[in-house]
Amino acid sequence: MRITVFGASGQIGSQVCALVRSEGHEVVEASRNTGVDVLSGVGVADSLRDAHVLVDVLNSPSFDDGPVLEFFSTATRNLIDAARAAGVAHYVALSIVGDTGLPDSGYMRAKVAQETLIEAS
């Protein structure tokens, strides 16, 4: 199975890539280090070519309310659109347990927005 991991160069992403490879799957590492920009969309479609699964372990470079919401909303929309166009069957996203219980946190609101976009897709 071909699995594209977005956020592949980060702490969690690198571990996900190693685990997926150890299970015998083909991994496409998608990150800024590999020329993929989830905000502009550059490289996203190419990374998803022939992929069966998209794994999203992205994290925002800013945790401030406005920027974190913009990051997750834009990145998630771009990934959903590209995955749909590529015929990707599954979208797996790392989230946070209890994110709906902390409405005062901009980061948590951004993760809820991400989940909502994915569920609606």
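The values are calculated or read from the model by the stated rules, or taken from the named source; none is laboratory data. All figures in this text were calculated on a predicted structure; none of them were measured in a lab. In this analysis, Cβ positions are derived from the backbone assuming ideal geometry, glycine residues included, and neighbour counts consider all displayed protein chains.
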Q: Kindly list, by first and then second residue, each pair from a residue in the stretch 83-98 that is within 15 Å of F72 (Cα to Cα) to a residue that is among the acidic types (D, E) and modelled with pLDDT under 95, limited to pairs with Cβ atoms under 7 Å and residues at least 6 apart or on different chains.
A: S95/E115
Q) What are the pairs, 6+ residues apart or on separate chains, where a residue within the stretch 61-75 that is without any contact (Cβ under 8 Å) to a residue 12 or more places away in the chain and surrounded by fewer than 19 Cβ atoms within 10 Å (Cβ to Cβ) has its Cβ under 8 Å from a residue that is of a type outside the set (K, R) and assigned to a loop (DSSP other than H, G, I, E, B)? A) P67/S60; P67/P61
Q.
Being polar (S, T, N, Q) and within 18 Å of C17 (Cβ to Cβ): is that true of S62 here?
A. no
Q) Hey, any hits in the stretch 23-44 for a residue that's over 20 Å from G10 (Cα atoms), loosely packed, with under 13 Cβ neighbours inside 10 Å, without any contact (Cβ under 8 Å) to a residue 24 or more places away in the chain and not acidic (D, E)? A) yes
Q. Restricted to the stretch 1-22, and to residues that are among the hydroxyl-bearing types (S, T, Y) and in contact with a Ser or Thr (Cβ under 8 Å, 6 or more places away or on another chain), which residue is surrounded by the most Cβ atoms within 10 Å (Cβ to Cβ)?
A. T4
